[in-house]
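Chemist: Quick one: the structure is below, and I'll ask about it shortly.
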Amino acid sequence: MSFLPVNEQMDLIRRGAEEIIPEEELVKKLERSKSNNIPLVIKLGCDPSRPDLHIGHGVVLRKLRHFQDLGHTAVLVIGDFTAMIGDPSGRNKTRPQLTLQEARTNAKTYVNQAKVILDMEKAIVKYNSDWLGKMNFDSVVRLASSYTVARMLERDDFTKRFQSEVPISIHEFLYPLAQAQDSVELKSDVELGGTDQKFNLLVGRDLQKHSGQEPQCI
């Protein structure tokens, strides 16, 4: 595999991106990738909370395809387990929880729809129930101990709900940690997401540091 010069890779990566955090770290990762001829692991998570991907997914899937075209490894994470928790991002109340069976039923269409944009022959598809579903209560407690309530309340949607005395369920605090655990499991170099996912993706960086890994760029 012969990678393009890093400046040319960055030209494509920057295209349509609202923010790269931190950009200088991504440049270093790309330089090391080119020097060692080893592709980066690029993660995109999609929770099957509904049966279909929507146009917003198309934006990040297209960016994932850009990384594929540059020779990097695209990992599509189907969040069948995190869909049971429900992403609190942008929510002013607790999201209804799905059963694992409901999430898996919804997920059946995701891979077929993603192949409209991704090269599925080269992409890796993972279901996060494969590792999150195997965690025992001791593992969950250890995971929860890696983050503080104060840090969770820095989230804009949690802050607004807390100040407005709108209930926040404890399991909602587990969502960012579960998504972050996906990054630890996959040792992701880069995670893609919408601007509404910024907090969750930053938690992934923190949890990777806590686990002794090099943190992902987002």
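The values are calculated or read from the model by the stated rules, or taken from the named source; none is laboratory data. Owing to the predicted nature of the structure, the values given are computational and were not obtained by experimental measurement. Cβ placement follows ideal geometry from the backbone for every residue including glycine, while neighbour counts extend to all protein chains displayed. All accessible areas refer to the heavy atoms of the entire protein, side chains included, with ligands and DNA or RNA removed. Shrake-Rupley method; radii C 1.70, N 1.55, O 1.52, S 1.80 Å.
Chemist: Taking GLU191, is it surrounded by fewer than 20 Cβ atoms within 10 Å (Cβ to Cβ) and under 22 Å from PRO39 (Cα atoms)? Outline the logic, then answer.
Modeler: Details: surrounded by fewer than 20 Cβ atoms within 10 Å (Cβ to Cβ): no; under 22 Å from PRO39 (Cα atoms): yes.
So GLU191 does not fit the description; no.
Chemist: Would it be correct to say that PRO176 is in contact with a helix residue (DSSP H, G or I) (Cβ under 8 Å, 6 or more places away or on another chain) and without any contact (Cβ under 8 Å) to a residue 60 or more places away in the chain?
Modeler: Numbers: in contact with a helix residue (DSSP H, G or I) (Cβ under 8 Å, 6 or more places away or on another chain): yes; without any contact (Cβ under 8 Å) to a residue 60 or more places away in the chain: yes.
Considered against the rule, which asks whether it is in contact with a helix residue (DSSP H, G or I) (Cβ under 8 Å, 6 or more places away or on another chain) and without any contact (Cβ under 8 Å) to a residue 60 or more places away in the chain, PRO176 comes out as yes.
Chemist: Which condition number does ARG91 fail, the rest of (1) modelled with pLDDT under 85; (2) under 21 Å from LEU53 (Cβ atoms); (3) open to solvent by less than 50 Å² (accessible area, probe 1.4 Å) being met?
Modeler: (3) is the only condition that ARG91 fails.
Chemist: How many of the residues making up segment 173-185 are open to solvent by 30 Å² or more (accessible area, probe 1.4 Å) and either at pLDDT below 95 or of a type in the set (A, V, I, L, M) (or both)? Please lay out each step first, then the result.
Modeler: Let us first name the residues in segment 173-185 that are open to solvent by 30 Å² or more (accessible area, probe 1.4 Å), namely 173-174, 181, 185.
Filter again for either at pLDDT below 95 or of a type in the set (A, V, I, L, M) (or both), leaving 173-174.
Looking only at that region, the number is 2.
Chemist: Within segment 45-70, can you find the residues that are open to solvent by less than 20 Å² (accessible area, probe 1.4 Å) and assigned to a loop (DSSP other than H, G, I, E, B)?
Modeler: PRO48, LEU70
Chemist: Name the residues in segment 117-134 that are closer than 21 Å to VAL59 by Cα, open to solvent by 50 Å² or more (accessible area, probe 1.4 Å) and acidic (Asp, Glu), would you?
Modeler: Residue satisfying the conditions is GLU121 alone.
Chemist: Of all residues being more than 21 Å from the chain's Cα centre (by Cα), open to solvent by 20 Å² or more (accessible area, probe 1.4 Å) and of a type in the set (D, E, K, R) in segment 135-172, which is nearest to ILE218 (Cα to Cα)? Just the residue, please.
Modeler: Here the answer is LYS160.
Chemist: Let me ask another. Which of the residues belonging to segment 167-211 are more than 21 Å from LYS63 (Cα to Cα) and hydroxyl-bearing (Ser, Thr, Tyr)?
Modeler: SER169, TYR175, SER211, listed by residue number.
Chemist: Just to be sure before I move on: is ALA74 in contact with a strand residue (DSSP E or B) (Cβ under 8 Å, 6 or more places away or on another chain), hydrophobic (A, V, I, L, M, F, W, C) and over 20 Å from SER188 (Cα atoms) in the structure I sent? Before the answer, list the steps.
Modeler: Numbers: in contact with a strand residue (DSSP E or B) (Cβ under 8 Å, 6 or more places away or on another chain): yes; hydrophobic (A, V, I, L, M, F, W, C): yes; over 20 Å from SER188 (Cα atoms): no.
So ALA74 fails the test.
Chemist: Another question, then. When residues of segment 28-44 are filtered for being touching a helix residue (DSSP H, G or I) at 6+ places or on another chain (Cβ under 8 Å) and open to solvent by less than 40 Å² (accessible area, probe 1.4 Å), how many remain?
Modeler: 6
Chemist: Report yes if some residue within segment 94-116 is without any contact (Cβ under 8 Å) to a residue 40 or more places away in the chain and buried (at least 19 other Cβ atoms within 10 Å of the Cβ); otherwise report no.
Modeler: no
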